[in-house]
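The values are calculated or read from the model by the stated rules, or taken from the named source; none is laboratory data. Since the model is a prediction, treat every value here as computed from it, not as a measurement. A quick note on method: Cβ atoms are made from the backbone with ideal geometry, for glycine too, and the neighbour counts reach across all protein chains shown. Note: areas computed on protein heavy atoms with side chains; ligands, DNA, RNA excluded. Shrake-Rupley method; radii C 1.70, N 1.55, O 1.52, S 1.80 Å.
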Amino acid sequence: MIMAKTIRTTNVCQKNIVDILHGMAGRLSLWQIWQDFIMLSAYSVSNAVDKKHFEEREKSFTSIAAKYSHAELEKFASMLGNVVIGLDKNPDQDFLGDLFMNLNLGTEWKGQFFTPYSVCRCMAGMLMSDDVPGKIAEKGWVSVNDPACGAGALLIAYANECQRRHINYQQSVLFVAQDIDQLAGMMCYIQLSLLGCPGYVAIQNTLRNPVTAADDRGLIPVDDSGNVWYTPMYFTEYWKMRSKISVIDMILKKAG
């Protein structure tokens, strides 16, 4: 069981999730419940848009869901609903990463800890060069890559920095994330998806197997392992058309 103690939360939605976790803990550990919640949520998002990976991921979803009763699965749905509401009320935060650390799960997660969002926001401001609008005007869009994304704080901060500079990141920025840890990458995937960030998250070792793309602009990642997760916004007409153009360019280059 979760030991009775005060867990710091920054908003009511995080508190609601903590309360639900407290109520579920006992038969399974807090760590296991959190991991299953994240994976079920990620599968739900992916399976709504990514038909290429649907069958395999639906089987994984079913396997995890089988451990829980209908009432417990409804609690998972309520938790995800609170994530949606929390990010809608305040998109300028690392909702899942902060909650993960405040639950003290970071001490179990390979001894790794997420960078505070305030630091990521500062970094994003420094990374945003003044010529980004010019590059977008010239090429149509730019890309941003975090090879050790964690729960996605830096990319979330970059999206919000775009907002502050009146850049429509949903149409003009491709978000590419990578992490060796599945749980971290899925937290990133959920948050980027809910914030409407077009792009993908690759779960693989950045040093040994950095994410690569079949095209010159990084729109079509090489997915040999089947562990690339595309956000819903990646499938919108803006980005589907760009991917089609990249495919045509690849064909023409091979033919030439």
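With respect to the conditions (1) open to solvent by 30 Å² or more (accessible area, probe 1.4 Å); (2) farther than 21 Å from Met101 by Cα, Leu154 lacks only one, and its number is (2). Considering Ala184, Ala202, Ala137, the condition of being of a type in the set (A, V, I, L, M) and open to solvent by 20 Å² or more (accessible area, probe 1.4 Å) is satisfied by Ala137 alone.
Could we say that Gly226 is at pLDDT below 95 and farther than 20 Å from Leu80 by Cβ here? Spell out how you get there, then give the answer.
Values: at pLDDT below 95: yes; farther than 20 Å from Leu80 by Cβ: yes.
Here the answer is yes, as Gly226 does meet what is asked.
Every test in (1) in contact with a Leu (Cβ under 8 Å, 6 or more places away or on another chain); (2) assigned to a loop (DSSP other than H, G, I, E, B) is passed by Phe175 save one, and that test is (2). Going through (1) exposed (fewer than 15 other Cβ atoms within 10 Å of the Cβ); (2) under 16 Å from Leu192 (Cβ atoms) one by one, Glu58 falls short only on (2).
In region 217-245, the residues that are more than 20 Å from Gly152 (Cβ to Cβ) and of a type outside the set (A, V, I, L, M, F, W, C) reach residues that are part of a helix (DSSP H, G or I) and open to solvent by less than 20 Å² (accessible area, probe 1.4 Å) with C-beta atoms within less than 7 angstrom, at least six apart or across chains, in these pairs: Arg217/Ser246.
A quick yes/no check of all residues on (1) closer than 23 Å to Gly150 by Cβ; (2) among the basic types (Lys, Arg); (3) without any contact (Cβ under 8 Å) to a residue 12 or more places away in the chain:
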position	(1), (2), (3)
Asp50	yes, no, no
His53	yes, no, no
Glu56	no, no, no
Ala66	no, no, yes
Glu72	no, no, no
Lys75	no, yes, no
Phe95	yes, no, no
Phe100	yes, no, no
Leu105	yes, no, no
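Filtering region 205-249 to residues that are surrounded by 14 or more Cβ atoms within 10 Å (Cβ to Cβ) and of a type in the set (Ser, Thr, Tyr) leaves Thr206, Tyr230, Thr231, Tyr234, Thr236, Tyr238, Ser243, Ser246. Scanning region 16-51 for residues that are open to solvent by less than 20 Å² (accessible area, probe 1.4 Å), under 26 Å from Met233 (Cβ atoms) and not in a helix (DSSP H, G or I) yields one hit, Asp50.
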